[in-house]
Structure formats: C-alpha cells, structure tokens
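The values are calculated or read from the model by the stated rules, or taken from the named source; none is laboratory data. Source: prediction; values computed, not measured. Because the Cβ atoms are built from the backbone with ideal geometry, glycine has one as well, and the counts that use them run over all protein chains shown. Note: areas computed on protein heavy atoms with side chains; ligands, DNA, RNA excluded. Shrake-Rupley method; radii C 1.70, N 1.55, O 1.52, S 1.80 Å.
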Amino acid sequence: MSDRWYSKAVIYCLDVDTYVDSDGDGVGDFRGLIGRLDYLVRLGVTCLWLNPIHPTPDRDDGYDVTDFYAVDPRYGTLGDFAELLHQAGNRGIRVIIDLVVNHTSDQHPWFQSARSSPDSPYRDWYVWSAEAPPDRHQGMVFPGEQDETWSYDRTAKAWYYHRFYRFQPDLNVANPRVREEIKKITAFWLQLGVSGFRIDAAPFIIELTEPGNPNSPKDFEFLTELRQHVQWRRADAVLLAEANVEPDGLVDYFSDGGGSSNRLHMLFDFMLNGRLMLALARRDPEPIIEALRDTPALPSGASWATFLRNHDEIDLSRLTAEQRNEVFEEFGPDEEMRLYGRGIRRRLAPMLGNDRRRLELAYSLQFTLRGTPVLRYGEEIGMGEDLSLPGREAIRTPMQWSYLPNGGFSSAEVEQLVRPVIADGEFGYEKLNVTAQRHDPGSLLGWFERMIRTLREAPEVGAGSCTYVDVLAPPGVLVHRADDASGAMLFLHNLGTDRVTVDLQSLAGDAEFPNDVFADQEYDPVGKLDALELAGYGYRWIRLHRSPAG
C-alpha cells in the first residue's frame with residue numbers, strides 16, 4: 001500500500017464538461033481530458049478530482065444524479081472513463097470522483113418507484129412524513145433559492161425530505177439497504193480503478209432525519225463502516241469529505257471515541273479557508289495564527305485538504321458577521337458578487353485585483369500551510385469569473401487554452417457551448433490563456449510549475465507538522481515551519497505592503513547552512529537568520545536542514 005499518498009499529493013479539481021471538448025459538441029469530455037493529461041503532469045498534479053460524472057438532468061450542475069453506475073453520455077462512455085484512468089495512471093496521476101449519495105435526482109428510478117406506491121421496495125429509501133413537519137422551513141442550504149426542506153408529493157400523498165433543492169430528495173441512510181447500496185456504488189468505481197472519493201455533504205449523509213426535529217442525530221458509525229468497506233476493496237483508497245461544521249465536531253469525522261483514525265482520511269479545511277480570506281483582506285496574519293491554534297489535533301493518519309477557491313462560493317459562514325463584512329467589502333463589494341448571504345462567487349485573481357504579487361503570496365501560503373493543497377482548474381493561469389451567469393456558474397466557465405475561438409475549449413458554435421467562455425476584458429481568453437503563458441517565462445503558470453516542483457522537494461510540507469513560530473515579527477508577517485523526519489522548512493510571508501526585516505536568529509540552532517529554495521525575488525543570503533528581508537507581499541521558503549536519510 002502507498003504510504004498515505006494523499007498527504008503528499010497535489011490535487012487538481014475540474015468539471016469534465018468545461019475542461020476540453022474533443023468532439024465539437026460544446027461539452028467537455030473524457031477524451032479531451034486525456035489529451036491534456038501531459039499538461040497536468042507538467043504542472044505537477046498528482047491527483048485529479050472530478051466533479052460529478054454521472055447521468056443527470058443537470059438542474060444542479062450534475063449534483064442531481066439519475067444513475068450512480070454510469071457516466072454522463074455527453075462526456076463519453078464507461079470505456080472512455082476507463083481509458084482516462086489508465087492513461088492517468090501511466091503518468092502517475094490518481095483519480096478520485098465525487099460521491100454524491102446524500103440525495104438523488106427526483107428523476108432517479110428509485111425515487112420514481114418510491115413515490116408511486118407505499119408498497120414500493122424503494123419507498124423507505126427516502127425520508128417521508130404523512131404530515132407537514134413543523135421544521136420544514138429550517139435548515140436550508142441555499143437561502144434565497146429554497147424556502148423549505150420538506151415538499152409535498154401529490155403522487156406519493158406524503159411529504160419528502162430534501163436538504164438541498166426540492167428536485168434532490170434525500171436518501172434514508174437509516175435504511176440498511178441504502179447503506180449497502182452506497183457501499184456497492186463505491187466498490188463499483190474502485191473496481192474500475194478510481195483511487196477514492198470526495199464525499200459531498202458528509203454531515204447530511206449521516207443525518208438520521210426525524211420529521212419535526214431540526215437537530216436530528218448523526219450516525220458516525222456509517223463512516224466507520226464505509227471506511228472499512230472501501231479499504232477492503234482497495235487498501236490505498238482515500239475518502240475526502242466536505243464537512244463545514246463547528247471545530248469541536250470535526251474529530252468525530254476522522255475517528256471514533258477510541259481515538260483511532262478509522263473514519264475519513266481527509267476533510268476540507270473550511271476553518272482555515274475562512275481565516276485565510278480574512279487575513280488577506282486585513283493584510284494581517286493573526287486570523288491564520290488563530291486557526292492554527294484553535295483547530296483540534298487530528299488522529300494519526302488523518303489530514304486536511306486546503307483550498308483557496310473550489311467549485312462553490314467562498315463560504316464565510318464560520319466568520320462572525322463583522323468579520324464577514326470585512327471580507328465582503330474587500331473582495332466582494334458588489335451585491336452581485338455575493339451568494340446566499342454567506343459567500344463570494346468569484347475567482348481569486350479578480351478578488352485580489354489581478355495583483356500578481358498578492359496571488360503568489362496567497363498560493364504560497366496555501367501550499368505551505370498544513371494539509372494537502374487542492375487547486376481549482378484555471379487558477380493556475382489566473383482565470384476570472386462571469387458574474388452575468390447565475391449563482392455558482394459564475395466560477396464554472398470553460399478552461400481557456402489558447403487564442404483560438406472559444407479559447408480553444410471547443411470548436412462548436414458559441415450558442416452550443418455548455419457555458420460561455422470569458423471573452424472580454426483583462427480575463428478574456430484573447431488576453432489570458434495557457435498558450436500565452438507558455439510563451440512567457442514569467443507567467444503565473446510558470447510560477448505555479450516552479451512552486452509545485454519546489455514543494456515536491458519538501459516532503460515535510462503536508463506530511464509533517466505545521467507550527468506557527470511565535471517570535472516578535474513586523475506587522476503583517478507570518479512565520480511558520482514544517483518538520484518531519486526528512487528535515488525542516490521555514491516559511492515567511494508578508495501580508496502587508498511595507499518592506500520589512502525579520503530577526504529569526506533564535507532558530508539558528510536548528511539550521512545547517514540555511515538557504516532560500518523559493519521566494520518572490522532574489523534576496524541576500526540567509527546567513528544567521530538575523531536580518532531576513534521581505535518585500536511587501538513577499539514570501540521566502542528557507543530550508544533549515546535536511547536529513548540524509550530523507
């Protein structure tokens with residue numbers, strides 16, 4: 001079994017339908033993605049995370065599934081998907097896929113059968129109530145787009161539960177047959193060759209919904225069952241989950257009461273993400289320091305997944321109202337940039353004013369802090385968003401590959417495209433694309449490639465400990481380090497605009513010929529660590545020492 005490969009991975013997240021269209025129908029597909037695997041290798045990607053790939057009415061960008069054992073025919077065949085896994089594996093890239101089993105589409109055959117009769121074998125695969133539950137106007141995930149979590153079905157003559165949209169009825173995980181079916185789904189895809197799953201909406205999957213009880217209990221034992229099942233089928237498979245919950249509830253997703261790491265391998269670090277955004281907005285590292293201090297310790301083998309942007313809005317719900325407003329004012333000043341009263345539907349480059357220095361600083365921070373970095377497609381070239389599109393679609397526009405029509409994404413006519421390519425302004429494809437950046441040695445894409453290559457030479461990051469270095473530093477400066485058996489790395493990041501000098505001579509005893517391995521510019525030699533210069537928005541990665549054994 002690979003030794004916790006996920007702790008040293010670089011994960012790249014994409015939507016198949018907006019990445020590359022190989023057959024000119026306006027929709028990205030597996031064949032197109034296969035053709036760009038070498039691009040991902042050069043970037044430094046070691047794991048692909050594919051957003052939903054299953055057949056769908058596509059009312060929620062694929063998160064309304066009608067068949068968990070098939071692929072969306074627009075993307076190709078199951079054979080094409082198997083070839084993608086084979087070709088990715090040949091290049092050392094693992095593939096994980098979304099596991100969207102909190103709910104199905106209301107067009108799924110299971111639900112159609114369930115609503116047809118109380119005697120249907122699938123009736124109790126969903127959550128029903130004969131009467132209107134008193135809490136049906138609580139717990140909406142999409143406030144402003146939802147007004148209830150229970151809807152009446154005239155055919156079924158009963159109310160059904162849906163944590164998300166009404167066309168996404170929740171599966172009943174209290175039913176042993178549903179639990180077995182979920183395990184069967186994971187076994188199917190593992191047998192095909194995927195390396196694991198990103199579990200959508202994990203807290204809701206394990207919720208044992210009781211009509212009228214807004215605080216229904218959670219069955220964490222199902223996560224234990226799922227982990228055991230998955231690892232029997234493929235020992236090195238990983239379960240990465242989305243669970244944006246209070247800090248004191250996080251450890252339960254990784255471990256049972258005994259402290260063993262027998263549930264999820266990884267969780268997205270929503271707490272750190274929100275604090276990172278606050279720190280960038282304030283130009284002050286204190287929120288990051290608080291996150292590093294306040295997050296509970298993880299059991300051995302568990303890991304965080306870090307991100308700045310993902311396929312959804314930036315979720316600021318873990319910040320206070322005052323802190324949230326600070327971030328809104330800095331990065332989402334217009335109402336059209338905000339979503340659900342809690343988030344920002346923008347990509348990072350426009351949020352940071354397309355300031356190359358701040359972009360490098362932000363991603364240097366993400367890639368050097370605890371956990372495994374997750375990069376959203378297009379961020380490596382600094383893509384923008386299209387706020388004319390509804391909701392989350394603003395940040396789900398097609399990849400911009402070249403100067404060709406539609407940015408080289410597709411040869412189809414514009415009106416046939418699954419989503420319009422950004423064509424105008426400083427983020428339009430004629431000014432911003434992969435080809436242009438390939439010919440510019442100083443491009444953001446080139447910077448990402450160099451940064452990730454450097455990261456690969458620093459196994460302490462991600463796999464080792466991440467510690468805030470509590471020293472007297474100039475305002476705006478964060479100092480942290482990563483340590484494990486392979487050695488020690490020191491990181492300095494200046495979130496402020498002023499050039500500063502940092503005295504870290506107290507760490508000289510840990511150093512053996514310390515030297516810069518990556519930085520925003522050329523600096524004087526590290527020397528005794530007593531006068532480390534740092535430009536505004538500057539960063540330095542300093543190797544303190546390396547173990548000969550690695």
Give the stretch 147-164 a look and list any residue that's farther than 13 Å from P133 by Cα, in contact (Cβ under 8 Å) with a residue 12 or more places away in the chain and more than 30 Å from the chain's Cα centre (by Cα), or say none.
-> D153, T155, A156
Of all residues in the stretch 422-441, count the ones that are assigned to a loop (DSSP other than H, G, I, E, B), open to solvent by less than 20 Å² (accessible area, probe 1.4 Å) and either among the hydrophobic types (A, V, I, L, M, F, W, C) or in contact with an Asp or Glu (Cβ under 6 Å, 6 or more places away or on another chain) (or both).
-> 2
Just wondering, is there one or more residues in the stretch 385-398 that are over 28 Å from D315 (Cβ atoms) and in a loop (DSSP other than H, G, I, E, B)?
-> no
Only residues that are at pLDDT 95 or above, touching a helix residue (DSSP H, G or I) at 6+ places or on another chain (Cβ under 7 Å), of a type outside the set (F, W, Y) and open to solvent by less than 30 Å² (accessible area, probe 1.4 Å): list them for the stretch 320-344, please.
-> V327, I344
Would you call A473 open to solvent by 30 Å² or more (accessible area, probe 1.4 Å) and at pLDDT below 95?
-> no
Could you tell me which of the residues D80, D21, D60 is under 21 Å from the mean Cα position of the chain (by Cα) and more than 26 Å from T372 (Cα to Cα)?
-> D60
Look at T467 and say whether it is in contact with a Lys or Arg (Cβ under 7 Å, 6 or more places away or on another chain), in a loop (DSSP other than H, G, I, E, B), in contact (Cβ under 8 Å) with a residue 12 or more places away in the chain and on the phi < 0 side of the Ramachandran plot.
-> no
Checked pairs for the stretch 326-341, first within 17 Å of E385 (Cα to Cα), second open to solvent by 30 Å² or more (accessible area, probe 1.4 Å) and modelled with pLDDT under 95, C-beta under 8 Å and 6 or more apart or across chains, list as L339/R392
Those residues of the stretch 251-284 which are open to solvent by less than 10 Å² (accessible area, probe 1.4 Å), of a type outside the set (S, T, N, Q) and assigned to a loop (DSSP other than H, G, I, E, B) amount to L264, H265, D269
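Please pick out the residue among Y75, Y63 that is surrounded by 21 or more Cβ atoms within 10 Å (Cβ to Cβ), in contact with a helix residue (DSSP H, G or I) (Cβ under 8 Å, 6 or more places away or on another chain), closer than 17 Å to D98 by Cα and of a type in the set (F, W, Y).
Just one listed residue meets the conditions, Y75.
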Count, please, the residues in the stretch 28-60 that happen to be hydrophobic (A, V, I, L, M, F, W, C), in contact (Cβ under 8 Å) with a residue 60 or more places away in the chain and crowded, with 22+ Cβ neighbours inside 10 Å.
-> 3
Of these, T501, T467, T497, which one is under 25 Å from the mean Cα position of the chain (by Cα) and open to solvent by 20 Å² or more (accessible area, probe 1.4 Å)?
-> T467
Residue count for the stretch 78-112, restricted to those that are open to solvent by 60 Å² or more (accessible area, probe 1.4 Å) and not in a helix (DSSP H, G or I) | 2
